[in-house]
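Just below is one structure, and these are the notes that go with it.
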Amino acid sequence: MDKKAACALLIIDMINNFDFKHGETLAAEAKTVSQNIYTLKKKLQKQNVPVVYINDHYKLWQADFQKISETCTNERSKPIIDQLYPDDTDYFLIKPMHSAFYGTALNVLLDHLQVKHLILTGIAGNICVLFSANDAYMRGYQLSVPADCVASNDKHDNEYALRMMKNVLQADTTASSQLKI
């Protein structure tokens, strides 16, 4: 993979156990967008766009996607994890809080890859994706947040978060199939 890229795909919190209040609802929404994220990932990989998974640590505190996947796999999560399981060429970082930037090496990695444009996907659109988009915007990244690649446990909250990212953070929220990279 080319070490220099103008763009990177972030996949946020899709390796998830959905074992929390509203987890069943969020799992259903995540399953809906997982196919779009997978299709976008494969398309971008053909263009040598780096893929970066940013994930909660599930109290393991190890950036080991195999251990985190094993810990998170259950009846709700298995179809999503199986579909979006990281490839050997993907980057994988853990995060301690909501934003992909907070307490992580993401900014250093993106600088190393010379990334200027971020495509954010994942869950929850109204929390972790929104907070990550806000932090990316404050760092001067161009943003795309394909509306069909982001899910929240409440559709209205998800639509509101997408509207905020578009109107306030100047993110392109067109569907993943319409993204121009």
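Computed from backbone phi, the HN-Hα couplings of the range 161-170 come to 4, 4, 5, 5, 5, 6, 7, 9, 9, 6 Hz, rounded to whole numbers (Karplus: 6.51 cos²θ - 1.76 cosθ + 1.60, θ = phi - 60°; Gly and Pro given as x). Couplings for the range 98-109, taken from phi via the Karplus curve 6.51 cos²θ - 1.76 cosθ + 1.60 with θ = phi - 60°, read 6, 7, 5, 8, 5, x, 10, 8, 4, 4, 5, 4 Hz in order; Gly and Pro are left as x. Within the straight-line cut-off of under 25 Å between alpha carbons, the lysines reachable from Lys59 are Lys21, Lys31, Lys67, Lys78, Lys95, sequence neighbours fewer than 8 places apart in one chain being disregarded. Take every DSSP beta bridge whose two residues both sit in the range 1-121; close to 0 percent of them are antiparallel. Between Ser177 and Lys31, the C-beta separation translates, for a Förster distance of 25 Å, into a calculated FRET efficiency of about 0.85. Legend: P(r) of the chain from all alpha carbon pair distances, 10 Å bins from 0, whole percents, reading 10, 43, 39, 8, 0. Using the alpha-carbon centroid of each, what span in Å lies between the range 129-167 and the range 25-82? Answer, in whole Å: 18. Remark on the range 1-69: Rg and Dmax equal 13.9, 41 Å (Cα only).
Taking a probe of 1.4 Å, how large is the accessible area per residue of the range 104-181, in Å²? Can you show the working numbers first?
Values: 3760 Å² over 78 residues.
The answer is 48 Å² per residue.
Close amide H contacts of Ala100 (hydrogens built in the peptide plane, cut-off under 5 Å, sequence separation of 5 or more or a different chain): Ser132. Scalar couplings 3J(HN,Hα) for the range 77-85, obtained by applying the Karplus form with A = 6.51, B = -1.76, C = 1.60 to θ = phi - 60°, are 8, 3, x, 6, 5, 4, 6, 10, 4 Hz; x denotes Gly and Pro.
Rounded to a whole number, what % of the accessible area of the chain do carbon and sulfur atoms account for, probe 1.4 Å? Of the solvent-accessible surface of the chain, carbon and sulfur hold 50 percent. Estimated purely from DSSP H runs of n ≥ 4, each contributing -39500 (n - 2.57), the mean residue ellipticity at 222 nm for the chain is -11500 deg cm²/dmol once divided by its residues.
For the range 80-181, what is the convex hull volume of its Cα atoms per residue in Å³?
On the way: hull volume 11.7 nm³, N = 102.
Each residue corresponds to 114 Å³ of Cα convex hull volume.
Using a 1.4 angstrom probe, figure out how much accessible area the range 1-57 has per residue, in square angstrom, rounded to the nearest whole. Walk me through the numbers on the way to the answer.
Values: 2500 Å² over 57 residues.
The answer is 44 Å² per residue.
Across the chain, the longest run free of exposed loop sites, meaning trypsin sites (Lys or Arg not before Pro) lying outside DSSP classes H, G, I, E and B with no more than 13 other Cβ atoms within 10 Å, spans 60-115.
The values are calculated or read from the model by the stated rules, or taken from the named source; none is laboratory data. Note that the structure is predicted; figures quoted are calculated from it, not measured. As a convention, Cβ positions derive from the backbone with ideal geometry for all residues, glycine included, and neighbour counts pool all protein chains shown. For accessibility, only protein heavy atoms count, side chains too; no ligands or nucleic acids. Shrake-Rupley method; radii C 1.70, N 1.55, O 1.52, S 1.80 Å.
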